[in-house]
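S.K.: Here it is, the structure in full.
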Amino acid sequence: MKIITGISDMQSFADSLRSQGRTIGFVPTMGFLHDGHVSLMGRARQSCDIVMVSIFVNPTQFGPREDFSRYPRDEEGDRKKCEAAGVDVLFMPAVAEMYPEKPSVFVVVEGISDVLEGAIRPGHFRGVATVVAKLFSSVKPHKAFFGQKDFQQCAVIKGMVKGLNLDVEIVVMPIVREKDGLAMSSRNSYLNVDERRRAAVIYRALFAAKQLAAAGVREPEKLRNKIQAILAEEKGISIDYIEIVDPESLAPVNAVTENMVLLVAVHIGSTRLIDNLLIL
Ligand code: AMP
């Protein structure tokens, strides 16, 4: 596995692969890799000649009071997981390489960036879209693989690709969960043993609402109340939002119909977790 840290090195390597007619599959990550990330690499491995993974904890997508400086890191472990997953190139630029000066150019996907996560984390999706655009111009992928875990992020990236006519296919992969249903996340490492046990309530709550919908309940309020009631069964959980939205526009729905998505964001202790589930 080749490790590249410079943007121009990455671009020339991508150019040489493209000139040989090889397809590049790309998995952007912030590292501290788990089986969710590995599933994206596996899909890239199946569908592309060359698999590239980036590890970059992007400062511009963290708010001033968020966890940028304490975000978990494990370079050695990540390298091994990438090698085991058959990754060809690990792109690990330093912050000074990606942002040699205070950034003055940003990619903003208006509208969908401002609701849900964006309402609570102002500027978050501007940071995400900007760094993904910069990573795309470094890695020059044919296909890029993202997880449904970050549902809104997928919508923002698709919006960016469409709006800027970028020649990259976006592939969204299902959420990989722990045995008790908790969506895998690098941030789960912040949870202590008791919080980790309680965190399983998030999926239980989403799943119960999905079952209500499957049984014919059409009022979004009833599903939200169900989720709220189940979350309340565990102590110390505070809710940022519970929303049922249209998967394209991310606008709240008046009636539950096919392909709606349930999204939740909660705090357990000092850890903020998000999850979602497609219904019907
Ligand atoms: P992150 O390192 O958290 O920025 O995530 C990198 C990519 O992995 C994003 O596209 C995430 O949506 C995806 N991802 C994170 N957790 C999971 C999961 N549990 N299942 C599937 N994909 C995931």
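The values are calculated or read from the model by the stated rules, or taken from the named source; none is laboratory data. In this text the structure is predicted, and so the values were computed from the model without any measurement. Neighbour counts are summed over all protein chains in view; Cβ atoms, including those assigned to glycine, are modelled from backbone coordinates with ideal geometry. Note: accessible area is taken over every heavy atom of the protein model, side chains too, but ligands, DNA and RNA are not part of it. Shrake-Rupley method; radii C 1.70, N 1.55, O 1.52, S 1.80 Å.
S.K.: At 1.4 Å probe size, what's the solvent-accessible area of Leu164? Round to the nearest 10 Å².
M.R.: 90 Å²
S.K.: Roughly how many Å² is the accessible area per residue of region 186-275, as a whole number, for a 1.4 Å probe?
M.R.: Per-residue value: 48 Å².
S.K.: Right, another one. Mind jotting down the three principal axis lengths of the chain based on Cα atoms? Whole angstrom, largest first.
M.R.: 55, 39, 38
S.K.: Determine the alpha carbon to alpha carbon distance for each of Lys2/Lys140; Lys80/Lys158; Lys2/Lys80; Lys2/Lys134; Lys162/Lys222 and list only those over 23 Å.
M.R.: In this structure, Lys80/Lys158; Lys162/Lys222 lie more than 23 Å apart at Cα.
S.K.: Please report the spacing between the Cα centers of region 69-118 and region 161-213 in Å, no decimals.
M.R.: Their Cα centres are 19 Å away from one another.
S.K.: If contacts are Cα pairs under 8 angstrom and at least 6 residues apart, what is the relative contact order of region 98-192 in percent?
M.R.: 24 percent
S.K.: Would you mind checking which residues have amide H under 5 Å from Ile4's amide H? H placed 1.01 Å from N; only 5 or more apart, or other chain.
M.R.: Sorted by chain and number, the residues that satisfy this are Leu90, Phe91, Met92.
S.K.: Using only alpha carbon pairs under 8 Å that are at least six residues apart, calculate the relative contact order of the chain and give it in whole percent.
M.R.: The normalised contact order for the chain reaches 17 percent.
S.K.: Then there's this: If packing is taken as the mean number of other Cβ atoms within 10 Å per residue, what is the order of 252-262, 131-141, highest first?
M.R.: Result, highest mean first: 131-141, 252-262.
S.K.: Please list Asp167, Asp114 from largest to smallest accessible area, probe radius 1.4 Å, with all protein chains kept in place.
M.R.: Sorted by accessible area, descending: Asp167, Asp114.
S.K.: So what is Rg over Rh here for region 122-199, counting just Cα atoms and using Kirkwood for Rh?
M.R.: My calculation puts Rg/Rh at 1.07.
S.K.: Mind ranking 63-70, 269-276 by how tightly packed they are, going by the mean number of other C-beta atoms within 10 angstrom, highest first?
M.R.: 269-276, 63-70
S.K.: Could you grab the relative contact order for region 18-61? Cα pairs under 8 Å, six or more apart, rounded to a whole percent.
M.R.: Across region 18-61, relative contact order equals 51 percent.
S.K.: Accessible surface of Phe106 in the full protein assembly, 1.4 angstrom probe, to the nearest 10 Å²?
M.R.: 70 Å²
S.K.: Once the dipole of region 1-117 is set up with Lys and Arg at +1 and Asp and Glu at -1 on Cβ about the Cα centre, which of Val107, Phe13, Ala96 lies farthest towards its positive end?
M.R.: In region 1-117, that residue is Phe13.
S.K.: If you take every DSSP beta bridge fully contained in the chain, what fraction is antiparallel? Give it as a percent rounded to 5.
M.R.: The antiparallel proportion sits near 50 percent.
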